[in-house]
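Below is one structure, written out as structure tokens; the observations come after it.
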Amino acid sequence: FGRTPRLLSILFTTFVNTQNADYNGKTRTLTIGKDVRQVARRMGMLTGGCGRQNTVTSIIGYQDITFTSRDGKEIKPIEETNIVQGESWNEKTITFTWEYVRLMSREPKEIPLSAVVGTSGGSLSLDLLVFATLYCPEQKELYISRNNLYKIVPGTSTETVSTKHLTVSLTKAQPDSEKSGYSRCTRAGSVIRPYGMPPKAENRVQLIAE
């Protein structure tokens, strides 16, 4: 689906889980107001001549994306929206489904905006940033083999992504202040250190995809 739909998931989750002027929790409705546009701009979603157009296109396409809950139930994210192609999105609305809001509200994790912006240029580094944020336990390194990483992030297949390219993507996914030893990659697997963790870690856990 590309980079923009991934950014939309982060944007939507942010507004669902924070107090702001543009999201009404009672009606599950997000208005494309000043706050939403400002965050979208800071995330790089509105840059370039086609930035806003691509974002609107992605929102329309987002309606067809399906998420999966813990119990295996398929969840549609958007109940309805009056955003249409070719028109301004300012002050238009998106109403999320109840199931989607519940899914996005379950144990939300914090991602520094600087780290999101730093992944510009592709979707793989953004996937790895979200992956590290969700799965790295506190004060521990996370090790995952390339085979297991591929099962969770299909774009990391050894047939399509070289170790060098994956290392570059991991580097982009790390916050500037944490460049010292944040991640490293070999053909066997990757070691990822969570945001804000000291460079040296005594413990390491391995993530295995089931």
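The values are calculated or read from the model by the stated rules, or taken from the named source; none is laboratory data. All figures in this text were calculated on a predicted structure; none of them were measured in a lab. Note that each Cβ is placed from the backbone with ideal geometry, even for glycine, and that neighbours are counted across all protein chains shown. Ligands, DNA and RNA are stripped out before the accessible areas are found, and what is left, the full protein with its side chains, is counted by its heavy atoms. Shrake-Rupley method; radii C 1.70, N 1.55, O 1.52, S 1.80 Å.
The residue that is nearest to the chain's Cα centre (by Cα), counting only those in the stretch 151-163 that are modelled with pLDDT of 70 or more and farther than 16 Å from residue 191 by Cβ, is 151.
Taking the stretch 1-30 as the region of interest, how many residues are open to solvent by 30 Å² or more (accessible area, probe 1.4 Å) and farther than 20 Å from residue 65 by Cα? Qualifying residue count for the region: 10. Scanning the stretch 57-75 for residues that are outside any helix (DSSP H, G or I) and touching a strand residue (DSSP E or B) at 6+ places or on another chain (Cβ under 8 Å) yields a total of 7.
Among the residues of the stretch 85-121, count how many are part of a loop (DSSP other than H, G, I, E, B) and open to solvent by less than 60 Å² (accessible area, probe 1.4 Å). Looking only at that region, the number is 8.
From (1) out of contact with any Lys or Arg (no Cβ under 8 Å at 6 or more places or on another chain); (2) within 23 Å of residue 153 (Cβ to Cβ), pick out the condition that doesn't hold for residue 60. If we test residue 60 against (1) out of contact with any Lys or Arg (no Cβ under 8 Å at 6 or more places or on another chain); (2) within 23 Å of residue 153 (Cβ to Cβ), just (2) comes out false. For the stretch 40-57, a residue qualifies if it is touching a Leu at 6+ places or on another chain (Cβ under 6 Å) and closer than 18 Å to residue 81 by Cβ, and the qualifying residues are 40, 45, 52.
Within the stretch 123-144, one or more residues are modelled with pLDDT of 75 or more, assigned to a loop (DSSP other than H, G, I, E, B) and polar (S, T, N, Q).
Condition test on residue 54, is it in a loop (DSSP other than H, G, I, E, B) and touching a residue at least 12 places away in the same chain (Cβ under 8 Å)? No; evaluated as a whole, the condition is false for this residue. Would you say residue 42 is buried (at least 20 other Cβ atoms within 10 Å of the Cβ), charged (D, E, K, R) and under 19 Å from residue 113 (Cβ atoms)? Considered against the rule, which asks whether it is buried (at least 20 other Cβ atoms within 10 Å of the Cβ), charged (D, E, K, R) and under 19 Å from residue 113 (Cβ atoms), residue 42 comes out as no.
In summary, residue 73 fulfils each of the numbered conditions (1) at pLDDT 95 or above; (2) out of contact with any Phe, Trp or Tyr (no Cβ under 6 Å at 6 or more places or on another chain); (3) surrounded by fewer than 18 Cβ atoms within 10 Å (Cβ to Cβ) with the single exception of condition (1).
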